[in-house]
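Take a look at the structure below.
The values are calculated or read from the model by the stated rules, or taken from the named source; none is laboratory data. Note that this is a predicted model, so its numbers are computed, not measured. Note that we place each Cβ from the backbone using ideal geometry, even for glycine, and neighbour counts take in every protein chain shown. Quick note on the areas: whole protein, heavy atoms, side chains included, nothing else; ligands and nucleic acids left out. Shrake-Rupley method; radii C 1.70, N 1.55, O 1.52, S 1.80 Å.
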Amino acid sequence: MNPYQYKDGELHVEDVPLARIAAAIGTPCYVYSRAALTEAYAAYAQAFEARDHLVCYAVKANSNLAILDLFARLGSGFDIVSGGELKRVLAAGGDPAKVVFSGVGKSEEEIRAALQAGILCFNIESASELERVNRIAGALRMRAPISLRVNPDVDAGTHPYIATGLKQNKFGVAYADAPALYARARSLPHVTIEGVDCHIGSQLTDLAPIAEALGKIADLVARLERDGIELKHVDVGGGVGIRYQSETPPPISEYAAVVLKALRNDRHKLLFEPGRVLAGNAGLLLTRIEYLKQGEDRSFAVVDAAMNDLVRPALYDAWHDVLAVVQQSPAAPADVYDVVGPICETGDFLARARRLNAREGDLLAIMSAGAYGMSMASNYNTRPRAAEVMVDGGEYHVIRDREEVSDLIARERRLPS
Ligand SMILES: *Cc1c(COP(=O)(O)O)cnc(C)c1O
């Protein structure tokens, strides 16, 4: 299904014209498709239906309550990386018994809150964290469910900022140290060993590193069993990449085949932590052209969205497709534009060197912005964060009101006189 179609020359999300949303809500505005989110989740669930499994949506990809609510209704669990994300999951009606907690820096307060909420598992990322979780669980007279996030030292072939499975990365415990740490965990009175976890990076478009990492994990699981350490689940981490431009990420069915083959001798329940692949192509950023500007070297379309709304181009040099909301006639004069925001940074661009028949006041859709878009937004340049809308068939719902400057300064104080 493609939820983005031109009908009568106007770009729609499902059955709603984007121009209607812009007129009612203003721009910049994130727009998501409920059907696309649902379909992406269903593809995952279907690919693994023959195995006992749990999909734990990676909340950090897009943490809006409506999106969490939708995934919770579809039966999803959640992968969280902070106490704040735990509160979001609970506020959205998510089941804490389906929550796994990842991240290298869990604070005492976050560990306590997760224990009291009754989460499924802590993905432990260091020897020190294991001791801390044991101590806090003991103080609460509880046992903490844990798994070790093991760093398999494989090159995922992705952008260095989102590669996480190399030994120089901060994530997980070294592969060679894992058996000793499991032995230590078994000796601790306030933890229960539940599983093993690995996550080698994001936006993976090649399955070979996944197969290699899971092969190592399968070997480790067998070794642990020989040591008398029984696991209940194997957590294979985040999902595959998505198509932004000309990438050719494998379909979920191929990913599933590789995962199931690598773990063919393993009978454990499988956990998955996909984020981008569920939300990325289910959303866009709607923006309006404020000015067209002919520079000496190139032309600029200055739009009302900026790097504070969507930081991926500035941070990862990421590519997002740009579509005109009113379909452009191929005959109209076109120019090549850098699509830039109003922020005082040269890095403030959303797209570079795109051929557009642009006019001032036109609406543009920055595509594939459903994951790591709004969740990474900031208030830089005192820009209130964008509104968010979820389209559902012929209707849409505002799922987050646009911020106001009064929200931004509400917690600040002038000096005493
Ligand atoms: C970010 C993250 C994910 C999600 O990765 P995607 O590429 O968005 O699927 C999963 N697990 C962990 C531990 C993460 O940090």
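So, in the range 71-87, how many residues would count as being part of a helix (DSSP H, G or I), free of Cβ contacts under 8 Å to residues at least 40 places away in the same chain and within 20 Å of THR38 (Cβ to Cβ)?
Total satisfying the criteria: 2.
So for the range 62-76 (the condition being within 29 Å of LYS167 (Cβ to Cβ), within 15 Å of the ligand (Cβ to nearest atom) and either open to solvent by 10 Å² or more (accessible area, probe 1.4 Å) or in contact with a Lys or Arg (Cβ under 7 Å, 6 or more places away or on another chain) (or both)), does at least one residue qualify? Before the answer, list the steps.
So the first thing to find is which residues in the range 62-76 are within 29 Å of LYS167 (Cβ to Cβ), and the list is none.
No.
Give the range 155-178 a look and list any residue that's under 20 Å from the mean Cα position of the chain (by Cα) and either open to solvent by less than 30 Å² (accessible area, probe 1.4 Å) or within 13 Å of the ligand (Cβ to nearest atom) (or both), or say none.
ALA156, THR158, HIS159, TYR161, ILE162, ALA163, THR164, GLY165, ASN169, LYS170, PHE171, GLY172
What is the one condition in (1) in contact with a Phe, Trp or Tyr (Cβ under 9 Å, 6 or more places away or on another chain); (2) assigned to a loop (DSSP other than H, G, I, E, B) that GLY93 does not satisfy?
(1)
Take the residues of the range 30-61 that are aromatic (Phe, Trp, Tyr) and assigned to a helix (DSSP H, G or I): which is farthest from the ligand (Cβ to nearest atom)?
TYR41
In the range 198-213, which residue that is touching a residue at least 60 places away in the same chain (Cβ under 8 Å) and more than 12 Å from the ligand (Cβ to nearest atom) is nearest to GLY239 (Cα to Cα)?
ALA213
So which residues in the range 100-117 are β-branched (Val, Ile, Thr) and touching a helix residue (DSSP H, G or I) at 6+ places or on another chain (Cβ under 6 Å)?
ILE111
Tell me the residue from ALA97, ALA92 that is within 16 Å of ALA58 (Cβ to Cβ), more than 14 Å from the ligand (Cβ to nearest atom), in contact (Cβ under 8 Å) with a residue 12 or more places away in the chain and open to solvent by 10 Å² or more (accessible area, probe 1.4 Å), please.
Sole residue among the options that is within 16 Å of ALA58 (Cβ to Cβ), more than 14 Å from the ligand (Cβ to nearest atom), in contact (Cβ under 8 Å) with a residue 12 or more places away in the chain and open to solvent by 10 Å² or more (accessible area, probe 1.4 Å): ALA92.
Please list, ordered by first then second residue, the pairs with beta carbon atoms under 6 Å, 6 or more apart or interchain, first in the range 252-272 and within 17 Å of VAL196 (Cβ to Cβ), second surrounded by 14 or more Cβ atoms within 10 Å (Cβ to Cβ) and small (Gly, Ala, Ser).
Close Cβ pairs satisfying both conditions: ALA262/ALA211; ALA262/GLY215; LEU263/ALA218; ASP266/ALA218.
Each row is one residue, and each column tells you yes or no for (1) open to solvent by less than 20 Å² (accessible area, probe 1.4 Å); (2) within 16 Å of the ligand (Cβ to nearest atom).
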{"residue": "TYR255", "(1), (2)": "yes, yes"}
{"residue": "LEU270", "(1), (2)": "yes, yes"}
{"residue": "PRO274", "(1), (2)": "yes, yes"}
{"residue": "ALA282", "(1), (2)": "yes, yes"}
{"residue": "ASN308", "(1), (2)": "yes, no"}
{"residue": "ASP321", "(1), (2)": "no, no"}
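Condition first: more than 22 Å from LEU310 (Cα to Cα) and open to solvent by 40 Å² or more (accessible area, probe 1.4 Å). Now tell me which residues in the range 21-42 satisfy that.
THR38, GLU39, ALA42, listed by residue number.
On the basis of being within 17 Å of ASN123 (Cα to Cα), within 15 Å of the ligand (Cβ to nearest atom), crowded, with 19+ Cβ neighbours inside 10 Å and not polar (S, T, N, Q), does VAL234 make the cut?
yes
Determine which member of the set ASP304, ASP321, ASP392 is at pLDDT 95 or above and in contact with a Gly (Cβ under 8 Å, 6 or more places away or on another chain).
ASP304
Could you tell me which numbered condition SER128 fails, if it satisfies all but one of (1) within 30 Å of ASP317 (Cβ to Cβ); (2) open to solvent by 40 Å² or more (accessible area, probe 1.4 Å); (3) among the hydroxyl-bearing types (Ser, Thr, Tyr)?
Failed condition: (1).
So how many residues does the range 28-41 have that are β-branched (Val, Ile, Thr) and more than 16 Å from VAL16 (Cα to Cα)?
1
Can you tell me which residues in the range 73-89 are under 16 Å from the mean Cα position of the chain (by Cα) and closer than 20 Å to MET374 by Cα?
Within the range 73-89, PHE78, ASP79, ILE80, VAL81, SER82, GLY84, GLU85, LEU86, ARG88, VAL89 qualify.
Listed residues ASP69, ASP15; which is farther than 27 Å from VAL311 by Cβ, modelled with pLDDT of 95 or more and among the acidic types (Asp, Glu)?
Testing whether each residue is farther than 27 Å from VAL311 by Cβ, modelled with pLDDT of 95 or more and among the acidic types (Asp, Glu) leaves just ASP15.
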